[in-house]
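Below: the structure, in structure tokens.
The values are calculated or read from the model by the stated rules, or taken from the named source; none is laboratory data. What you are looking at is a predicted structure, and each value in this text was computed from that prediction instead of being measured. With ideal geometry, Cβ positions are generated from the backbone for all residues, glycine too; neighbour counts draw on all protein chains shown. Just the protein is used for accessible areas: all its heavy atoms, side chains included, with ligands, DNA and RNA removed. Shrake-Rupley method; radii C 1.70, N 1.55, O 1.52, S 1.80 Å.
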There are 2 protein chains.
Amino acid sequence: MPELLSRLSLNQITLNQLSLIECVDACLRHNVGWIAPWRNKVAEIGLSESARVIRESGLKVSSLCRGGYFCAPGAIDDNLRAIDEAATLGTDTLVLVCGPAPDRDIDAARGRVADGIAAIVDHAHTTGIKLAIEPLHPMFAADRSVICLIDEALAIAKEFHSADVGLAIDVFHVWWDAFVYEKLEKSTGRIMAFHVSDWAVPLPGIFAGRSMMGTGVIEFRRLRLAAEAAGYTGPIEVEIMNEALWARPADDAMEEIKRTFAASL
Amino acid sequence: MPELLSRLSLNQITLNQLSLIECVDACLRHNVGWIAPWRNKVAEIGLSESARVIRESGLKVSSLCRGGYFCAPGAIDDNLRAIDEAATLGTDTLVLVCGPAPDRDIDAARGRVADGIAAIVDHAHTTGIKLAIEPLHPMFAADRSVICLIDEALAIAKEFHSADVGLAIDVFHVWWDAFVYEKLEKSTGRIMAFHVSDWAVPLPGIFAGRSMMGTGVIEFRRLRLAAEAAGYTGPIEVEIMNEALWARPADDAMEEIKRTFAASL
């Protein structure tokens, strides 16, 4: 298998029409070596059954999606559980989608993100889990993540040890930034995850607004090389929320994911 | 009239259901002293008739929307025409929506924005027109503007004299930026326009995704005060693209615009 394809990880929402067990089977059928489960899919069959299925499959787990949402009620307890689930599932990385503000005070919400990470980082460290802050596209600033910029996420990460807190870079969220390459360089040693999907015009939606690699405007190779120059050589998750993709037969989708990944990355 | 309401300018697309003449009449009926026409509406009745109607109304013209789109065929000629139209309509400000890249090379397109402004700035200067680069929300990076960040726009503006090239700050485009207040401070002396609308959740659309002030998450007063601290005390355009608003009777909409503007700004 070419080196790049060996880094492909199937983020489970890309084939949201499948259960976790079906997703694992699809990876095995298509010789994809990595998977990134979502907690809602894990919950469907339970944590220990999910862990058993993945362990017996031989798949590696690139990350668990997700912790975060630090302004939500019970956030700290939920994040501590997410850390435990990540460890049980056999990954070393928990992606943090930091959540919205409960009111118009976005700066206060950003402060609660930093405070929330401070409250869970010791447990993450002792559990062997890295916390990867994912800056989301600014169109999600009001409802999914008050953290939108790489440098903003990096400033929070740097309050902690580089082995414990870093960044999840998703090209869909950051490709448009005029300073993305210098920001990635400044993130050297902090990148813990790398996600891909494309930005097509017109955008097919907002939450489900992502497209197959090569159908949009994103410069994947340049961004991938920049992440590598910044020290990230781990798995690359394909994370595509797209209604049309979810309506397709999974095997067709997997073939196209592999082909466009190899051609675009 | 309270001081703040005397700065309210009706950006024409907010009442896109109206012609330019109807828009002028609506401003007069509702005691709004400023208007910001769009070139497509000006073209409907012709430039000289538009200029006559506005001049005779006594309304002041906050800006003309828009120049820009520097990668489009004929862009320089079109921008030179836009400068002339702005002067004829009696405004001193042309808003630049810089346009998308023709391919995946967004950095090259950004270079063409700077080159395009360099090609028109002398004509703008001698015509008495200021060029206001509008950084657009990153969700428009692929189809409307390769310029998304205040600091990115400012770096281009600073290649030119502060009397000639500056920024149009629209809160809808920049509210989410974690560094927006320091970026506005660094823009002191360069802010040439200030636009408002709100970011509601869920967003009612992408192009037509804007909402009435007070119905979303934007901290208007804090942003307005930051723009004032950076030296901008000119008209404040209400620019709301929203299908539901366009379906309403204009007089109802104008009443709500004035009321929510006064309450939120």
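Quick notes
- Remark: relative contact order (chain A) = 19 percent; criterion is Cα-Cα distance under 8 angstrom and separation of 6 or more residues.
- Cα-based convex hull, the range B:7-89, per residue volume (Å³, whole number): 92
- 7 Å along Cα→Cβ, label-point gaps from B:D151 to other copies, nm, shortest first: 0.1
- Comparing A:S9, B:G128, B:W175 along the charge dipole axis of the protein assembly as shown, the residue lying farthest to the positive side is B:G128, per the Cβ-charge model.
- Environment charge at A:S162 (Cβ cut-off 10 Å; Lys +1, Arg +1, Asp -1, Glu -1): +2
- Centroid-to-centroid separation of the range A:45-82 and the range A:195-224 [C-alpha atoms, Å]: 26
- Accessible area buried, both sides summed, chains A and B with 1.4 Å probe, Å²: 2600
- Cα-based convex hull volume of the protein assembly as shown per residue, rounded to whole Å³: 143
- Rounded, prolate or oblate (a/c below 1.5 giving rounded, otherwise prolate when a/b exceeds b/c) for the range B:141-265 by Cα gyration tensor: prolate
- For chain A: rounded, prolate or oblate by the Cα gyration tensor [a/c cutoff 1.5]: rounded
- Inter-copy label distances at A:T127 (7 Å, Cα→Cβ; nm, one decimal): 6.1
- Fraction of antiparallel bridges per DSSP, the protein assembly as shown only, in percent to nearest 5: 5
- Over chain A, dividing the summed -39,500 (n - 2.57) contributions of all DSSP H runs of at least 4 residues by the number of residues returns a 222 nm mean residue ellipticity of -12500 deg cm²/dmol.
- Across the copies of the chain, A:E49 has label points (7 Å from Cα along Cα→Cβ) spaced 7.2 nm apart, shortest distance listed first.
- Anisotropy class of the range A:103-203 from Cα gyration tensor, a/c 1.5 cut: oblate
- Span-like helix ranges in chain A, DSSP H, alpha carbon extent 24 angstrom or more, Kyte mean at least 0.0: A:106-127
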